[in-house]
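Enquirer: The structure follows.
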Amino acid sequence: MPTKVEKDSVSGRLTTGHEWDGLKELNTPLPKWWLYVFLACVVFAAGQMLLYPSVPFFTGYFPGLLGYSQRVEVDRAVQAVAQQRAETVNRIGALSFEQIRADPPLLNAALSIGRITFAENCQPCHGTEGTGRPGYPALGDDVWIWGGSLAAIQQTITHGVRSEDKDTRTSAMPAFGALGSLKPAEMEAVADYVQGLFGLPPGKNAAEGQKLFVDNCASCHGDKGQGNQELGGPPLASRVHLYGGDRAAILAQINQPKHGVMPAWNARLSAPIIKSLTLYVHSLGGGQ
Amino acid sequence: MSVHPPLDEIQPEHASLYAGRVRVYPKAVHGTMRRIKWAVLIVCLSVYYLLPWLRWSRGEDYPDQAVLLDIANRKFYFFWLELWPQDIYLLTGLLVMAAVGLFLVTSLAGRVWCGYTCPQTVWTDLFMLVERWLQGDRNERMKRDRGPMNFDKAWRKAATHAIWLGIAFWTGGAWIMYYADAPTVTAEFWTGRASMAVYGFTFLFTATTYLLAGWAREQVCTYMCPWPRFQSAMLDEQSFTTTYQAWRGEPRSRHIKREADAAAHGDCIDCGACVAACPTGIDIRDGVQLECINCGLCIDACNSIMDRIERPRGLIAWDTLARQTAKARGVHEKVRFLRARSVVYLVVLLMGLTAIGTALALRPIVEVAVLHDRAPLFVRLSDGRVRNGYTIKISNKTRRPAAFALTATGVPDAVLTAPDIDALAAGEMILSVPPDSTGAFRILLAAPPVGLHDGSKPVEFHLRDTGSGQQATRATVFLGPNQP
Ligand code: SF4
Ligand code: SF4
């Protein structure tokens, strides 16, 4: 690039001396301080490169003289948050449900912890926000197999249902059909009666079925099918059913009942977290 | 142009791609423009420094500072107004309108913002006043700067910078007071109890004020500020600017003219008073230029020369390009304030301000939002009914506790419940929101799933402010199974 500064005949000003295919450029000098600011930025950048992680290599990078790392920063921030949270979590652990509910900010914190814990642990079976799925109870309705009070929910979450925990909640419905304690015709009759409880039109042998029901089923399901939370006998006089609401489902359950399992969460979650989870589940709409 | 030697005078052997700074030594002037500038300066600085100290009673538990941007609590107080984050669009709108207002003023009178009210100009003016007070006027300063360092020069320079730093510090400190209670933060500042942010921002604004008004000055306007770069888009030949009336001044010559030889010589005696007075160091006689901030000081400078040589004032005056061209031909042209450009700006400005004003006047003091639960969409109950969950959010911007009676219509046999609220008789429920806060309530609505269309049915929630009796209605849906 030839550099020859000349005077432009039209403007009377000098050119920069640069020429591109015959095009020349008038010289409009930049203020010197601007150049110095630019140089200062270069120096700053060099310092930054030296002090902080900068040059990438194939298998790593130059870590910088200060040894700064964003990962370490994040870890530190996470720890700081955990420490901050520890105070809240400890208070949740120390106070009773009533005390927590009387303290709206604390209750809010517990509900948030509960919501997150639920999403991470319970959602796969119980669905988003406890929507429920066939075989996995919905948590926002008014039907509780083991009870919907805060204490009952806490107990269920802590020790599970048919889990390996020694204090687990457990119940087992006999396989009336498979074990032969009810003959096929008797099972049909019981189903005739139970479908009436379900809200369907009762079958023709409902009266006979009711007798069989009182003898065989009422001890757990209640004489009117209202259920028994002490024993974990689900209510039958209801429109909400874990394993389906039609006649086929009733017969299948009498013949060879399905039994769901819920793990005991005390092995994975601390007591204050379970308490928060309890409050959250209780708040879904079904809490009693 | 004059921050470095005129470009057309540089010789090739001195050519450089960088130009050193040429110090500007503005000379003091007296006159109308200068007086207006002082008045604007006093008003602007008084408002800036004193406004945070103005008290405004809002009652107990509320800040009593008239203007306070409480970032931590997300509340902005302006006298009787209290803005919440939801109202931030009003502030945005106001800023947009401020820009349009600036366009309008610029289309009418050029860069008067730059010349009179821009903080850069105002503080530079103040700093120059200090400089002039301690180091004398233009000639004295130039002489002392050229001369050797001695005691006189040293103490004058030191005192100037000390006062500059003092003003800068006061400026930086005042900034903080818009974001925190002024007396409190002042006390905390001096007892070392203020936060790092307070010290940091005070230092930042002290440093920028000192550097920009003490050192950078016209360099900010010429090289750093984007405004002069696009202001030419708002100017036209009908805009008033500080103008040298070349038809009257030229040909300039260095002797005093009398009426007799007025035809042969212009009124300009090439005394250089206008150049000496200019804070950006330019020669207004070269015409409208990028560097000119329209401060009008050269008008004052030239007027006093004209008075002395007994020629009519106004060789340099506020005028438009169009009128100058006409005058050069001896024609008098009327001023045209109403042009497509200025009318468009004015209309946009008025419409915008009306919209903001209306939005402000109609701004709900209580805001209600109803959100249907995302999941589950509905829950079946043991008795066959269906229950939907909603979250009702009520923002109470008043300074009294508010209670709202909630009812729902549109779904027959609906029962309203809420986990933590007792329903009253007649299906009403009372939602209480403390003053100046937002309450969120989870509401459950249970009803038999009849009359649903595609599993959905409109439902309306009505909230009656038990205090004022005002009603608010929000429409949403009640969802259920497709076939009941
Ligand atoms: S002050 Fe007026 S008379 Fe003096 S040089 Fe400037 S325009 Fe000419
Ligand atoms: S030319 Fe005149 S109006 Fe423009 S900046 Fe200089 S003194 Fe101010």
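The values are calculated or read from the model by the stated rules, or taken from the named source; none is laboratory data. Since this is a predicted model, take the numbers as computed values, not measurements. Note that we place each Cβ from the backbone using ideal geometry, even for glycine, and neighbour counts take in every protein chain shown. We work out accessible area using only protein heavy atoms, side chains counted, and drop any ligands, DNA or RNA first. Shrake-Rupley method; radii C 1.70, N 1.55, O 1.52, S 1.80 Å.
Enquirer: In this structure, does A:THR156 turn out to be open to solvent by 40 Å² or more (accessible area, probe 1.4 Å) and in contact with a strand residue (DSSP E or B) (Cβ under 8 Å, 6 or more places away or on another chain)?
Expert: Values: open to solvent by 40 Å² or more (accessible area, probe 1.4 Å): no; in contact with a strand residue (DSSP E or B) (Cβ under 8 Å, 6 or more places away or on another chain): yes.
No.
Enquirer: For region B:180-238, which helices (runs of 4 or more DSSP H) that fit wholly inside it have 3 or more residues that are open to solvent by 50 Å² or more (accessible area, probe 1.4 Å)?
Expert: Those helices (runs of 4 or more DSSP H) span B:182-190, B:196-209.
Enquirer: Same structure again: Here are A:GLY140, A:GLY148, A:GLY132, A:GLY127: which of them is open to solvent by less than 40 Å² (accessible area, probe 1.4 Å), without any contact (Cβ under 8 Å) to a residue 24 or more places away in the chain, out of contact with any Lys or Arg (no Cβ under 6 Å at 6 or more places or on another chain) and not hydrophobic (A, V, I, L, M, F, W, C)? Show your work before the answer.
Expert: Working: A:GLY140 fails: without any contact (Cβ under 8 Å) to a residue 24 or more places away in the chain; A:GLY148 fails: without any contact (Cβ under 8 Å) to a residue 24 or more places away in the chain; A:GLY127 fails: out of contact with any Lys or Arg (no Cβ under 6 Å at 6 or more places or on another chain).
The unique qualifying residue is A:GLY132.
Enquirer: Would it be correct to say that A:VAL161 is within 21 Å of B:ALA375 (Cα to Cα) and either among the β-branched types (Val, Ile, Thr) or in the same structural domain as A:ARG239 (by TED's automatic domain parsing) (or both)?
Expert: no
Enquirer: Filter region B:216-231 down to the residues that are free of Cβ contacts under 8 Å to residues at least 24 places away in the same chain and of a type in the set (Phe, Trp, Tyr) and list them by number.
Expert: Those that are free of Cβ contacts under 8 Å to residues at least 24 places away in the same chain and of a type in the set (Phe, Trp, Tyr): B:TYR223, B:PHE230.
Enquirer: Would you mind telling me which numbered condition in (1) more than 14 Å from ligand 1 (Cβ to nearest atom); (2) open to solvent by less than 10 Å² (accessible area, probe 1.4 Å); (3) touching a residue at least 12 places away in the same chain (Cβ under 8 Å) B:LYS327 fails?
Expert: For B:LYS327, the exception is condition (2).
Enquirer: May I ask you to say which residue of B:LEU315, B:LEU321 is within 16 Å of ligand 2 (Cβ to nearest atom), open to solvent by 30 Å² or more (accessible area, probe 1.4 Å) and within 21 Å of B:GLY287 (Cβ to Cβ)?
Expert: The unique qualifying residue is B:LEU321.
Enquirer: Any residue that is charged (D, E, K, R) and free of Cβ contacts under 8 Å to residues at least 40 places away in the same chain - is there at least one of those in region B:278-296?
Expert: Checked region B:278-296: no residue is charged (D, E, K, R) and free of Cβ contacts under 8 Å to residues at least 40 places away in the same chain.
Enquirer: So, in region B:368-405, of the ones that are surrounded by 16 or more Cβ atoms within 10 Å (Cβ to Cβ) and among the charged types (D, E, K, R), which residue ends up farthest from the other protein chains (Cβ to nearest Cβ)?
Expert: Only one residue fits best here, namely B:LYS397.
Enquirer: Kindly indicate whether B:ARG308 is at pLDDT below 95 and open to solvent by less than 30 Å² (accessible area, probe 1.4 Å).
Expert: Answer is no for this residue.
Enquirer: Go through (1) surrounded by fewer than 17 Cβ atoms within 10 Å (Cβ to Cβ); (2) within 14 Å of chain B (Cβ to nearest Cβ) for A:ALA207 and report which single condition fails.
Expert: (2)
Enquirer: Okay, next question. Can you give me the ranges of the helices (runs of 4 or more DSSP H) entirely in region B:72-153 with at least 1 residues that are assigned by TED's automatic domain parsing to the domain that holds B:THR320 and within 30 Å of B:ILE365 (Cβ to Cβ)?
Expert: Passing ranges, in order: B:88-109.
Enquirer: Here's something else I'd like to know. For region B:425-476, how many residues are under 15 Å from B:PHE404 (Cβ atoms) and in a loop (DSSP other than H, G, I, E, B)?
Expert: Count: 8.
Enquirer: OK, next. Any idea which residue in region B:283-305 is farthest from the other protein chains (Cβ to nearest Cβ), counting only those that are more than 8 Å from ligand 2 (Cβ to nearest atom) and surrounded by fewer than 19 Cβ atoms within 10 Å (Cβ to Cβ)?
Expert: B:SER304
Here's the yes/no breakdown for (1) at pLDDT below 90; (2) open to solvent by less than 50 Å² (accessible area, probe 1.4 Å); (3) within 14 Å of another protein chain (Cβ to nearest Cβ); (4) away from ligand 1 (no atom under 16 Å from the Cβ):
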| position | (1), (2), (3), (4) |
| --- | --- |
| B:ALA15 | yes, yes, yes, yes |
| B:ILE42 | no, no, no, yes |
| B:LEU50 | no, no, no, yes |
| B:TYR77 | no, yes, no, yes |
| B:LEU83 | yes, yes, no, yes |
| B:GLN86 | yes, no, no, yes |
| B:ASP125 | no, yes, no, yes |
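Enquirer: Separate question: Only one residue in A:ARG76, A:ARG91, A:ARG85, A:ARG115 is under 25 Å from B:LEU444 (Cα atoms), open to solvent by 90 Å² or more (accessible area, probe 1.4 Å) and outside the structural domain of A:ALA249 (by TED's automatic domain parsing). Which one?
Expert: Selected residue: A:ARG115, the only one of A:ARG76, A:ARG91, A:ARG85, A:ARG115 that is under 25 Å from B:LEU444 (Cα atoms), open to solvent by 90 Å² or more (accessible area, probe 1.4 Å) and outside the structural domain of A:ALA249 (by TED's automatic domain parsing).
Enquirer: A further question on this structure: A:ILE100: away from chain B (no Cβ under 14 Å), surrounded by 11 or more Cβ atoms within 10 Å (Cβ to Cβ) and in contact (Cβ under 8 Å) with a residue 60 or more places away in the chain, yes or no? Walk me through it before giving the result.
Expert: Numbers: away from chain B (no Cβ under 14 Å): no; surrounded by 11 or more Cβ atoms within 10 Å (Cβ to Cβ): yes; in contact (Cβ under 8 Å) with a residue 60 or more places away in the chain: yes.
When the stated conditions are applied, A:ILE100 does not pass them.
Enquirer: Of all residues in region B:266-282, which are open to solvent by less than 30 Å² (accessible area, probe 1.4 Å) and near ligand 2 (Cβ under 9 Å from one of its atoms)?
Expert: Within region B:266-282, B:CYS274, B:ALA277, B:CYS278, B:PRO279, B:THR280, B:GLY281, B:ILE282 qualify.
Enquirer: Sticking with this one: Given the criteria under 24 Å from the mean Cα position of the chain (by Cα) and not polar (S, T, N, Q), does A:PRO272 qualify? First the steps, then the outcome.
Expert: On the way: under 24 Å from the mean Cα position of the chain (by Cα): yes; not polar (S, T, N, Q): yes.
Yes.
Enquirer: Please verify whether B:THR242 is crowded, with 21+ Cβ neighbours inside 10 Å, within 13 Å of ligand 2 (Cβ to nearest atom) and within 14 Å of chain A (Cβ to nearest Cβ), treating the condition exactly as stated.
Expert: Answer is no for this residue.
Enquirer: On to the next question. Take the residues in region A:9-50 that are more than 9 Å from every other protein chain (Cβ to nearest Cβ) and among the charged types (D, E, K, R), then tell me which one is nearest to B:ARG21 (Cα to Cα).
Expert: If we take residues in region A:9-50 being more than 9 Å from every other protein chain (Cβ to nearest Cβ) and among the charged types (D, E, K, R), then A:GLU25 is nearest to B:ARG21 (Cα to Cα).
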